[in-house]
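The values are calculated or read from the model by the stated rules, or taken from the named source; none is laboratory data. The shown structure was predicted, so the numbers you read here are calculated from the model rather than taken from an experiment. Neighbour counts run over all protein chains shown; Cβ positions are idealised from the backbone, glycine included. Heads up: the accessible areas ignore ligands, DNA and RNA and are worked out on the full protein's heavy atoms, side chains in. Shrake-Rupley method; radii C 1.70, N 1.55, O 1.52, S 1.80 Å.
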Amino acid sequence: MAMPGSMQGEPTVGESVAAGEGRRQSYYVEIFAVSFAALLLEISYTRIISFKLFYYYTYLVIGLALLGIGTGGVIVAISKRVQRAETEAILAWATLVGGLSVGLGYLVIAVTKLDTIAIWDYGTRTSFANLARLVLICVALFASFVSVGVVVAVLFARRTESIGRLYFADLLGAGLACAIVVSLLGWIGPPSTILLAGALLGVVGLRIALRTRSRLVGPAVGLVLVLAIVAVWPRVLPEQKLEASKQQADVSDATFSSWSPLFRIDVYPALGVQLLFHDGLLGSEIDAWDGDVGTLGRFDSDPRALPFAALGEAPRDELIIGAAGGHEVLASLYFDAAHIDAVELNPVTYDLVTERYADYAGNIADHPAVNYVRDEGRSFLARQDGRYDLVWYPAPDSYSATNAATAGAFVLSESYLYTSEAIQDTMDHLNDGGLLAAQFGEYDYARRPNRTTRYVATARAALRDLGVAHTRGHIIVITTEDVIAGTLATVLVKKAPFTEAEIQRVVSTASTIPGSVLAAAPGASGDGGPVEQLLRTPTSQLDDWYAHYPYDVRPVTDDRPFFWHFSQFDDVISQFGDPIINNDREIAVGERVLVLLLLVATVLAALFLILPFFAIRDRWRALPRKATSAAYFAVLGLGFIFFEITLIQRLTLFLGYPTYSLTVTLMSVLLFTGIGALLSGRYRERPERVAPILLGVLAALTVFYLFALVPLTDGLLTLPLVLRFAFAIAVIAPLGICLGAFMPLGLGSVSRISDGSSEYVAWGWAVNGFASVVGSVASTILAIAFGFQVVLLVALALYVVAVILLRRIGRPISVGPAG
């Protein structure tokens, strides 16, 4: 798999000693299979790392994959031994070593246990030990991708006459892997998918060994058999040793364990319930129920009674977004809801409720009043024509569910449930007098009620956008001490002001619920905390209030849907040298990890991708316009990733499932980038004329993505899913074709100004890889800080710079080599 935006053209590369051998072999099958395996490996490891550590460490996988692939290319460029070897021998050895490193790497990662919080306890033995274990995991991940880079670089360098078709096969393999990896993760699980990828690399090596009658046939057969057998029977593998604060999965103790594209689920029995752990963290539960509503009287003294108290009468139509194991469905049945649409995102949880534990749960999914649906909540809501008396968001806030569905966690899917636009959509789907209810577990409500405060801030902003002038009369907040959640906050929001009777019913019901306190309500005295202070603050003073609050609790939007981002990056950077003094992972830990990964990515990319060129510094000095070409290849790598990330985000709600957005977007971008590279052969001799035209198309597409895409997709939400897929692909196709042309144009330009085209191929590969590694983290930091619209505009600006640099590269050289 080539890196985004890299090696997309027809470089002219000096042949090795072995240049004349193997001319009859096209290697399309080999590069297709290697790229297919690489994508399976990369996306599967995002799930493993999210389960083993936390979702924000999945950025590590993306960066290390790009780093490994780039390093493979650098090895090809500077290793005289590789340059002297025959192509068939290099490919056979590389793929077999790659398959072996995949198997060994998985074992190393599985058995290595660490405490990520202890890393930040600077200067202690525990900190050094856990940092060393994290480095070991990184090395195991990195090593799995180096051989992929060797294979791709060798073929691009030695088959220049068919580089366009080779690159197309490369991207086709990667794109098809994106199309099926989600199904594989749900069917056989990430461990088996990883080993399947390793076995596929082994099969490529075996194919070459058989063709050349190499002595590697025996080892290749053994490697493929071992990896294939373990992929079929993954129970022989050691269980992943989880991060210290997680529940260590033990299949023998669990009544059920399964992977899904969203998270790993382990079900543990407890008294009267089945506890559902999501990626090692308690996420929800399935209650034992005999089907008799009369046995559910416990809900009279439960905070789930509060929305029904506010309504005053049983809802005719109700929507639960994040139904999970059905606890809120039971409460709704007890309070006589006539019809309940219960939406659950995770397919494994859905199957547990509807199939495996259906009898245990009293067959709630088959209850006449219940429509239990597998879907994404925002998308389901947007497609409904009817209205509801109650729309309930019962804390669908599992960190693993929020982020692990995506490669690198670029799309924080469930955060879209809490944005200003989500609240406005909800209000538009409520009957007169209808109610929105949201509930959050707070780690430390007394000192940091950040989730509740941010949601109230967002609800206030949404109401203002809907024309509500005095928002305080439209929001009630109750807090309840909870054994598991610490504090459970219930936020009730209405488009019309709460009446005195409604407020009194809520307050009266709260008084019967142990540990409940009125935090804020219209015309009543609350707890005096940040939530009530926020509601009392006049609109003209809100910016000042947010600026003085110690955490970032400003409203979130679809453009910046990072609900869980409470720490400003300037604070994170200024406090980076301070140890973390509590175990609340919600405060600065994720941001601190992103900053750390950006630093590590920069250092490692420089070390592995740039520094090795000192080994060929004599040849290197003679190359002209190195600085200009470096800048050109770098902005291509950054711009490509920035466009890709933004489109994944923009299509999430339209496709109705976060993994659909990931796979459709990645597949389309990779496929059409390959087509663009293939088509570029028709005009690569005229880059100074073609590049401005391509830039104009990119600018038009950017304007379309900024201003027209969301309204258009909103209007097409009722289309069948297959037609929405087709529309998404059509939207992405012109972008991919444009992006695919820029690297061929650049490589063609540098080849015309230098005889050292071999070094320039490696240089372009390395610099583009450097930018891709750094960009995979930097783009997310940029989106968190400024929003996806800014990321999109920066992507366009980078290609503007690229066109200017391309013109400078192509100018005739009149004197001598210039840096």
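At a glance:
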{"quantity": "Some residue of the stretch 310-330 being in contact with a His (Cβ under 9 Å, 6 or more places away or on another chain) and of a type in the set (Val, Ile, Thr)", "calculated": "yes"}
{"quantity": "Hits in the stretch 639-697 (condition: at pLDDT 85 or above and acidic (Asp, Glu))", "calculated": "644"}
{"quantity": "Test: residue in the stretch 35-56 that is surrounded by fewer than 22 Cβ atoms within 10 Å (Cβ to Cβ), assigned to a helix (DSSP H, G or I), touching a residue at least 12 places away in the same chain (Cβ under 8 Å) and not aliphatic (A, V, I, L, M)", "calculated": "no"}
{"quantity": "Condition check for residue 570: charged (D, E, K, R) and surrounded by fewer than 13 Cβ atoms within 10 Å (Cβ to Cβ)", "calculated": "yes"}
{"quantity": "Residue within the stretch 705-720 that is part of a helix (DSSP H, G or I), under 24 Å from residue 637 (Cβ atoms) and either among the polar types (S, T, N, Q) or open to solvent by 10 Å² or more (accessible area, probe 1.4 Å) (or both) present", "calculated": "yes"}
{"quantity": "Looking only at the stretch 57-95, and only at residues there that are over 15 Å from residue 148 (Cα atoms) and of a type in the set (Phe, Trp, Tyr), the one that is surrounded by the most Cβ atoms within 10 Å (Cβ to Cβ)", "calculated": "59"}
{"quantity": "Hits in the stretch 70-116 (condition: in a helix (DSSP H, G or I) and either at pLDDT below 85 or of a type in the set (Phe, Trp, Tyr) (or both))", "calculated": "70, 73, 74, 76, 77, 78, 80, 83, 93, 106"}
{"quantity": "Those residues of the stretch 232-249 which are hydrophobic (A, V, I, L, M, F, W, C) and under 25 Å from the mean Cα position of the chain (by Cα), in sequence order", "calculated": "242, 244, 249"}
{"quantity": "Filter pass, residue 245 being more than 24 Å from residue 330 (Cβ to Cβ), free of Cβ contacts under 8 Å to residues at least 12 places away in the same chain, hydroxyl-bearing (Ser, Thr, Tyr) and surrounded by fewer than 16 Cβ atoms within 10 Å (Cβ to Cβ)", "calculated": "no"}
{"quantity": "Residue match in the stretch 539-549 (condition: farther than 22 Å from residue 431 by Cβ, in contact with a Gly (Cβ under 7 Å, 6 or more places away or on another chain) and open to solvent by 30 Å² or more (accessible area, probe 1.4 Å))", "calculated": "no"}
{"quantity": "Residue within the stretch 680-690 that is in contact (Cβ under 8 Å) with a residue 60 or more places away in the chain, of a type in the set (A, V, I, L, M, F, W, C) and assigned to a helix (DSSP H, G or I) present", "calculated": "no"}
{"quantity": "Answer from 399, 393 - the residue that is open to solvent by less than 20 Å² (accessible area, probe 1.4 Å) and either closer than 23 Å to residue 261 by Cα or modelled with pLDDT of 95 or more (or both)", "calculated": "393"}
{"quantity": "Test: residue 797 is part of a helix (DSSP H, G or I) and either modelled with pLDDT under 75 or touching a Pro at 6+ places or on another chain (Cβ under 6 Å) (or both)", "calculated": "no"}
{"quantity": "Hits in the stretch 454-477 (condition: in contact (Cβ under 8 Å) with a residue 60 or more places away in the chain, of a type in the set (Val, Ile, Thr) and more than 26 Å from residue 323 (Cβ to Cβ))", "calculated": "471"}
{"quantity": "Filter result for the condition that a residue is surrounded by 14 or more Cβ atoms within 10 Å (Cβ to Cβ), within 30 Å of residue 27 (Cβ to Cβ) and of a type in the set (Gly, Ala, Ser), over 214, 258", "calculated": "214"}
{"quantity": "Count of residues meeting criterion [open to solvent by 60 Å² or more (accessible area, probe 1.4 Å), in a helix (DSSP H, G or I) and closer than 14 Å to residue 475 by Cβ] in the stretch 511-538", "calculated": "2"}
{"quantity": "Residue in the stretch 171-190 that is part of a helix (DSSP H, G or I), more than 30 Å from residue 347 (Cα to Cα) and in contact with a Ser or Thr (Cβ under 6 Å, 6 or more places away or on another chain) present", "calculated": "no"}
{"quantity": "Restricting the stretch 448-502 to residues that are of a type in the set (Ser, Thr, Tyr) and touching an Asp or Glu at 6+ places or on another chain (Cβ under 9 Å), the residue that is farthest from residue 303 (Cα to Cα)", "calculated": "452"}
{"quantity": "Out of 279, 266, 287, sole residue that is touching a helix residue (DSSP H, G or I) at 6+ places or on another chain (Cβ under 8 Å), surrounded by 21 or more Cβ atoms within 10 Å (Cβ to Cβ) and of a type in the set (D, E, K, R)", "calculated": "279"}
{"quantity": "Unique residue being open to solvent by 10 Å² or more (accessible area, probe 1.4 Å), among the small types (Gly, Ala, Ser) and without any contact (Cβ under 8 Å) to a residue 40 or more places away in the chain when the list is 183, 147", "calculated": "183"}
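Yes/no per residue for (1) within 27 Å of residue 648 (Cβ to Cβ); (2) open to solvent by less than 30 Å² (accessible area, probe 1.4 Å); (3) modelled with pLDDT of 80 or more:
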| position | (1), (2), (3) |
| --- | --- |
| 574 | no, no, yes |
| 581 | no, no, no |
| 589 | yes, yes, no |
| 592 | yes, yes, yes |
